[in-house]
1. What number of residues within region 296-307 satisfy the criterion of being in contact with a strand residue (DSSP E or B) (Cβ under 8 Å, 6 or more places away or on another chain) and either loosely packed, with under 15 Cβ neighbours inside 10 Å or free of Cβ contacts under 8 Å to residues at least 12 places away in the same chain (or both)?
2. In region 96-108, which residues are surrounded by fewer than 16 Cβ atoms within 10 Å (Cβ to Cβ) and within 25 Å of ASP393 (Cα to Cα)?
3. For region 309-319, what are the residues that are under 30 Å from the mean Cα position of the chain (by Cα), surrounded by 13 or more Cβ atoms within 10 Å (Cβ to Cβ) and not β-branched (Val, Ile, Thr)?
4. So how many residues does region 15-64 have that are open to solvent by less than 20 Å² (accessible area, probe 1.4 Å) and assigned to a helix (DSSP H, G or I)?
5. Among (1) farther than 22 Å from SER45 by Cα; (2) modelled with pLDDT of 95 or more; (3) assigned to a loop (DSSP other than H, G, I, E, B), there is one condition LEU385 misses while meeting the rest; what is its number?
6. Does any residue of region 76-86 turn out to be over 18 Å from SER400 (Cβ atoms) and either at pLDDT 95 or above or basic (Lys, Arg) (or both)?
7. Does MET93 satisfy being out of contact with any Gly (no Cβ under 9 Å at 6 or more places or on another chain), crowded, with 20+ Cβ neighbours inside 10 Å and either of a type in the set (Ser, Thr, Tyr) or under 30 Å from HIS347 (Cα atoms) (or both)?
8. Can you work out which of the residues in region 320-339 that are open to solvent by less than 60 Å² (accessible area, probe 1.4 Å) and over 16 Å from ARG308 (Cβ atoms) is farthest from the chain's Cα centre (by Cα)?
Amino acid sequence: MAKPLESVKVIEIAQEIQGPFAGLFLADLGADVVKVENKETGDLSRWMLPKLIGGDNVRNAEVPHYFIAMNRGKRSITVDLKKADGVEVVKRMAKSYDLLLTNYRPGVLDRLGLGYETLRAINPLIIFAQGSSWGPQGPWVGRPSRDTLAQAASGIMAKTGLESDPPLACGFLAADHMGALSLAGGIIAALFARERTGKGSRVDASIYGTAIAVQAMEINYTSIAGRESPRAGRGHQFLHGVWGAFATKDGWVCLAGVDDKRWPAFCRILGIQHLEKDPEYGDNVRRNFHGDKIQAVLDSIFPNKTTREWLAELNQADILATEVVDYTRLLESEQARANGYLRELDHPVAGKVLVAGSPVQINEEIEKEARPAPEHGQHTEEVLLEIGYSWEDIASLRESGAV
């Protein structure tokens, strides 16, 4: 069955995460995403290799895990956008492509002669999708940023961890990835609007704005209640007690609250029936929102059994609980494989490896295999031929250094 974005053609002029991850989301839905890379280095993510993190002796030390993560299933061409002939290549692509996707700083493509107004004059239907750091307006428009700065400026770092910790970023690059999904959502909305109006549009989604949006409940509390919330600690800013991770005999169990319906069974499983009706523990609000006492009780009980033993009983009673796993354990997850959240990639150097897949399924179609990431400039000639260049033209472009 055809994928929903199968006829959509994307020019991606983007680096690292926000732009490329948005492009990946579109590619997984069927879009033909052509990544325009500079000739010298390509996307910077090509240069973060396993050996930089784990040392020279790590397995597959020079296989670019970062680039694969953001760019599987795309095509790659090399273009020198500082040369007029290189800019002309992108303009010719824009005549027949549906959208241009970028996370370069606002104004960079304008200075290169590839801004929205220029492209709209070439193709009135084109969508110009700008992934930005701080948004399209305001005094911070021109400031550089990265994921961690967006986390810092949006309050995420201030709320992560225990009260005694310094401000902490998330354990992954949350703002960049969330900002990418916001950008992809805006692109899909713009494509839908174009079907209705017959007009292209400009889309902007920032990592800063997204980091604020996903904290709406927490930020609104401070605004409405006039009080700063505590740090998340082991649970959440508002939720302390039967929330978060608890050490077992051989690992960790994570709880996500125990309501009144499940509380009697929970007490039975943990062997704390004597606390079931004690207002210090049995009150739903107290044990879920202000549960320092029940947390201490659980800390003393969970180490008595293994994680598997606890989960067998907790899951049987429909209590919200799961194992805390690292990535090695995650890669063994039958649940993730069954839904295509982990897919098998056949890499020419690494062989068959598992990589992160897409969280979205359409009509229950689940992909179990991942398409490869492109080599640097692998599809340059192919794309140039598609947009009308002859072999003689391509030779001329190569001689001039434009591609």
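The values are calculated or read from the model by the stated rules, or taken from the named source; none is laboratory data. Everything numeric here is computed off the predicted structure, so don't read it as measured data. A quick note on method: Cβ atoms are made from the backbone with ideal geometry, for glycine too, and the neighbour counts reach across all protein chains shown. Calculation scope for accessible area: heavy atoms of the full protein, side chains included, ligands and nucleic acids excluded. Shrake-Rupley method; radii C 1.70, N 1.55, O 1.52, S 1.80 Å.
1. Qualifying residue count for the region: 2.
2. Of everything in region 96-108, just one residue is surrounded by fewer than 16 Cβ atoms within 10 Å (Cβ to Cβ) and within 25 Å of ASP393 (Cα to Cα), namely SER96.
3. Of everything in region 309-319, just one residue is under 30 Å from the mean Cα position of the chain (by Cα), surrounded by 13 or more Cβ atoms within 10 Å (Cβ to Cβ) and not β-branched (Val, Ile, Thr), namely LEU311.
4. Within region 15-64, residues that are open to solvent by less than 20 Å² (accessible area, probe 1.4 Å) and assigned to a helix (DSSP H, G or I) number 9.
5. Among (1) farther than 22 Å from SER45 by Cα; (2) modelled with pLDDT of 95 or more; (3) assigned to a loop (DSSP other than H, G, I, E, B), LEU385 violates only (3).
6. Yes, region 76-86 contains at least one residue that is over 18 Å from SER400 (Cβ atoms) and either at pLDDT 95 or above or basic (Lys, Arg) (or both).
7. Yes, satisfied.
8. ALA338
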